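Written below as C-alpha cells is the structure these notes are about.
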Amino acid sequence: MVNQFLGPLAPPSRPDVNRSRFSHVARVNSIDVARGAAMFFVCLSHFTGAYLWQTGMRANDFLVTVSMIASPSFVLISGMMFGFLRVLNPVDLPHLRIRLLDRGVFLLVIGHFLLAVSQLRRSTMTEAYYGSFLTDALAVAIMLGPRIVDVSRGPLRIAIAISLYCASWLMLARWHPSGSGALLIQRYVIGSLPSEIAAPRTLVFPLLPWLSVYLLGTVLGEHVGYFYRRREAHRARRLFLLVGSGCMLLGTITYVVTRYLGPVHSLVSRSMLAVLLTSPTLKFPPGPAYIAYFGGSGLVFMWLVLELEARRRLPLLTEWLRRVGYASLPVFLLQGFVYSAVVRSANLPYSAWWPLLFLFSLVPMWALASVWSRADANRLLTVGITAWLERQSHPAVVRASRLARVSRPGLKAISSLTAYVRARS
C-alpha cells in the first residue's frame with residue numbers, strides 16, 4: 001500500500017519493526033515541510049524589518065503583520081513534533097527527551113551567542129547578548145515541555161497550558177517589581193507590557209507564554225500521530241484546517257466585537273490591559289488574540305502546503321521547504337546574519353523590484369539547507385551531553401533490575417530495558 005503523503009508504508013504484519021522508520025518518514029514529509037513554511041515567514045519578517053521598514057514603504061506594515069505567522073507556527077510545530085513521535089515511536093522516548101535536552105542547551109549557549117553576534121552592527125555585544133530571541137524560549141520549551149507531557153494526558157495538559165498562560169498575564173497585571181533580580185525574572189519569564197516602558201522597548205520572547213503554546217502543540221501532535229498510526233493522513237491534514245480555521249475565527253471575532261461593537265468597545269477601551277489582550281498584533285508578550293489568529297493562520301498554511309505535497313503539486317517547492325525545515329536551526333542562524341549584518345547595513349535604496357531582492361536573499365539559506373540536508377548534519381547540533389546523560393541512566397536501570405524480585409514477565413521486561421539502554425550508550 002502506498003500513501004501519497006507518507007510514501008511507502010510498512011506492512012501491518014510487522015508494526016514494531018517498522019514503526020521507527022514509519023515515524024521518521026512521516027516526520028520528513030510533514031513536520032519538516034511545515035517547519036520550512038514557517039521559516040519562509042521568518043525570513044519575510046526580518047527582510048521587511050531590514051529593508052522595507054528603513055525605506056518607509058507603505059506595504060511594510062502589511063508584510064510585518066503577515067509574517068507574524070512565523071513565531072507561533074514555529075513553537076507549535078516543535079510541540080507537535082514531540083507529541084507526534086510520542087505516539088508513533090514511544091519506545092524511543094527516553095532517548096528523544098535526552099536529545100531535546102541537549103538541543104535546548106545548544107540553543108541557549110551556542111545558538112544564542114551566534115544570534116547575538118549577528119546583531120553587532122546595531123548594538124554592542126553586551127546589549128546583543130542580553131537580548132532575547134525566539135530560540136531561547138523554544139530551548140526552554142523543548143527542555144521542560146517533554147517532562148510535563150510525561151505526567152499529563154491531553155485534557156490535563158491543555159488545562160496546564162492555559163493556566164500557565166493566564167498566570168503569566170495575571171502576574172503582568174498585578175506584579176510590579178522594583179529589584180533588579182525580580183525585573184530580570186519578569187522580563188525573561190513573563191514579559192513586560194508596552195505601557196510600562198517609556199523608552200524604546202527591548203523586544204523579548206518571554207518563556208512562560210511560549211511554553212504554554214508548545215504544550216498545546218504537543219496535544220495537537222498526539223492527535224495527528226494517532227491519525228498517522230491508523231494511516232489516515234488525510235484526516236490529520238483536515239485537523240490542521242479545522243483547528244486553524246477555528247482559531248482564526250476566534251481571533252477575528254474577538255477583534256471585531258471589541259473594536260466595532262459599541263458597548264463592548266467602550267468597556268474594553270477603559271483598560272489598557274483589555275485592549276492589549278484583544279489585540280491580534282500584540283507579539284511582545286504574545287496576547288491571546290495574537291496566538292489564536294496567527295497560530296491558526298499558521299496551521300491553515302501548513303494544511304495548504306501539506307495538501308500540495310500529498311497531491312504531488314509543486315514538488316520542487318515542497319522539496320525546498322522540506323530541506324529548509326530539516327535545517328531550520330542553521331538557516332535561522334544564517335538569516336540573522338544575512339538580514340541584520342548584510343541587508344540592513346547596506347542601506348539599499350527602495351526599489352519596486354524588492355520581491356526579487358527578497359528571493360535573491362533566500363539563495364544562501366536554500367544552499368545551506370541543501371548541503372545540510374544531504375550531509376544529515378543535524379547530528380552536529382549538540383553540546384555533547386546526550387551520550388553522557390544516557391550513560392548516567394544506565395546504572396539506575398541496572399540497580400532496578402538487581403533489586404526487583406518479580407515474576408518472569410517482569411524480569412523479561414527489565415532485561416529488555418537494560419539491553420535497550422546498553423545499545424543506546
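Coordinate-derived values only; no laboratory data. Quantities reported herein were computed from a predicted structural model and do not represent experimental measurements. Virtual Cβ from ideal backbone geometry, glycine too; neighbours counted across all protein chains shown.
If you stretched the chain out fully between His176 and Ala346, how much longer would it get, using 0.36 nm times the residue separation minus the C-alpha to C-alpha distance?
57.1 nm
Once the convex hull of the C-alpha atoms of region 42-113 is built, how many Å³ does it hold per residue, rounded to a whole number?
It comes to 86 Å³ per residue, whole-number rounded.
Select from region 121-222 those trypsin sites (Lys or Arg not before Pro) which occupy a DSSP coil region and have at most 15 other Cβ atoms within 10 Å, ordered by residue number.
Arg121, Arg122, Arg153, Arg201
For region 31-182, what does the alpha-carbon gyration tensor say about shape, rounded, prolate or oblate, given a ≥ b ≥ c as the root eigenvalues, a/c under 1.5 as rounded, and a/b over b/c as prolate?
prolate
So what is the relative contact order of region 90-180, in percent, for Cα pairs below 8 Å that sit 6 or more residues apart?
Contact order relative to length: 28 percent.
Please go through region 342-392 and write out the chymotrypsin sites (Phe, Trp or Tyr not before Pro) that DSSP classes as loop and that have at most 16 other C-beta atoms within 10 Å.
In loop regions of region 342-392 (DSSP not H, G, I, E or B), the sparsely surrounded chymotrypsin sites (Phe, Trp or Tyr not before Pro) are Tyr350, Trp353.
Could you tell me which of rounded, prolate or oblate describes region 122-200, using a ≥ b ≥ c as the square roots of the eigenvalues of the alpha-carbon gyration tensor, with rounded for a/c under 1.5 and, failing that, prolate when a/b is larger than b/c and oblate otherwise?
Verdict is oblate for region 122-200.
Which of the trypsin sites (Lys or Arg not before Pro) across region 219-309 are loop residues per DSSP, with 10 or fewer other Cβ within 10 Å?
Arg230, Arg270
Under 5 Å between amide H atoms, partner at least 5 residues away or on a different chain: which partners does Leu193 have, H built in plane at 1.01 Å?
Amide H to amide H, under 5 Å and 5 or more residues apart or across chains, Leu193 pairs with nothing.
Tell me, what ³J(HN,Hα) does each residue in region 147-156 have, in order and in whole Hz, if you take phi through Karplus 6.51 cos²θ - 1.76 cosθ + 1.60 with θ = phi - 60° and put x for Gly and Pro?
Here the 3J(HN,Hα) series is 5, 5, 4, 4, 10, 9, 8, x, x, 5 Hz.
Classify region 149-264 as rounded, prolate or oblate, taking a ≥ b ≥ c as the square roots of the eigenvalues of its Cα gyration tensor: rounded when a/c is under 1.5, otherwise prolate if a/b is larger than b/c and oblate if not.
Oblate shape, in that a/c is at least 1.5 and b/c is the bigger or equal ratio.
Mind listing the phi-derived Karplus ³J(HN,Hα) values for region 42-49, rounded to whole Hz, using 6.51, -1.76 and 1.60 with θ = phi - 60°, and x for any glycine or proline?
The phi angles translate into 4, 5, 4, 4, 6, 5, 4, x Hz.
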